[in-house]
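Single-structure report; data block below.
The values are calculated or read from the model by the stated rules, or taken from the named source; none is laboratory data. Fair warning: this is a prediction, and the values are worked out from it, not measured in the lab. When we count neighbours, we look across all protein chains shown, and the Cβ atoms used for this are built from the backbone with ideal geometry, even at glycine.
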Amino acid sequence: MTIVRRAAAYAALCTALAVLATVAIALMPGARAWAANGQGGVSARSYEPEVPVAGETEPTEPVAEPSAATLVNGRAVAPLDAPPAVRKVIAAANRIRTRPYIWGGGHGRWWDRGYDCSGAVSFALHGARLLSSPLPSGSMETWGAPGPGRWITVYANAGHAYAVIAGLRWDTAGNSSLEGTGPRWHESLTAAAGGRFIARHPIGY
């Protein structure tokens, strides 16, 4: 056999093998997706995502809203689901809920004959040892963690401070003439004093 005939026979054999390989690939599973992709394989983005079967997803427990305290004759009654620390804060505030307003009251000592706004808030927080020493209203702008809390939120600016504790407002502003001056519980959560307030809360509450 001449060299020319050998080359022709070899070329015919290669062509036949190529045809057989193409037929074999076409019969393979997923060959249509491979061919349609045009990039030598199925793209990572072209797969069909698994659809979760109903009932097989991990359940997520909803977080219940905390209950609100109730106001009975000027005294706050803690809700049954309130954490112990929140109960202590409410109990401390109740101890001074009839004291008069005295500027600077509650800052020189914890137990005082009267309290100002930040002194009253400090006394309540100290009841649960959430505060080790009284703070003026301006310092409360950076106390604790930023934003409203789940149970306790302190609102402060340079001139005033009050707190919302278990759904009641603890404040020296907004009292009626019958309530007199000083720290009192209020059902309305709206600030009675003007200005922009910074919301802070004790970590965990």
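For segment 143-178, residues that are farther than 20 Å from residue 65 by Cβ, surrounded by fewer than 22 Cβ atoms within 10 Å (Cβ to Cβ) and among the polar types (S, T, N, Q) total 4. Identify, please: which residue in segment 155-172 is among the β-branched types (Val, Ile, Thr) and within 25 Å of the chain's Cα centre (by Cα) and is, among those, nearest to residue 81 (Cα to Cα)? That would be 165.
Taking the criterion of being part of a loop (DSSP other than H, G, I, E, B) and of a type in the set (D, E, K, R), the residues of segment 181-196 that qualify are 187, 196.
Looking across segment 109-140, just one residue is closer than 20 Å to residue 181 by Cβ, under 25 Å from the mean Cα position of the chain (by Cα) and assigned to a loop (DSSP other than H, G, I, E, B), and that is 137.
The C-beta contact set for segment 123-143 (first residue closer than 20 Å to residue 83 by Cα and assigned by TED's automatic domain parsing to the domain that holds residue 172, second residue of a type in the set (Phe, Trp, Tyr) and not in a loop (DSSP other than H, G, I, E, B), distance under 9 angstrom, 6+ apart or interchain) comprises 123/115; 124/170; 131/123.
Does segment 126-133 contain at least one residue that is polar (S, T, N, Q), surrounded by 10 or more Cβ atoms within 10 Å (Cβ to Cβ) and modelled with pLDDT of 95 or more? No, there is no match, as no residue in segment 126-133 is polar (S, T, N, Q), surrounded by 10 or more Cβ atoms within 10 Å (Cβ to Cβ) and modelled with pLDDT of 95 or more. State whether one or more residues within segment 191-203 are surrounded by 15 or more Cβ atoms within 10 Å (Cβ to Cβ), assigned by TED's automatic domain parsing to the domain that holds residue 95 and within 14 Å of residue 94 (Cα to Cα). No, segment 191-203 contains no residue that is surrounded by 15 or more Cβ atoms within 10 Å (Cβ to Cβ), assigned by TED's automatic domain parsing to the domain that holds residue 95 and within 14 Å of residue 94 (Cα to Cα). For segment 141-180, give me each residue that is part of a strand (DSSP E or B), of a type outside the set (A, V, I, L, M) and in contact with a Leu (Cβ under 7 Å, 6 or more places away or on another chain). Residue satisfying the conditions is 169 alone.
Would you call residue 136 of a type outside the set (Phe, Trp, Tyr), at negative phi and out of contact with any strand residue (DSSP E or B) (no Cβ under 9 Å at 6 or more places or on another chain)? Against the criterion (of a type outside the set (Phe, Trp, Tyr), at negative phi and out of contact with any strand residue (DSSP E or B) (no Cβ under 9 Å at 6 or more places or on another chain)), residue 136 does not qualify.
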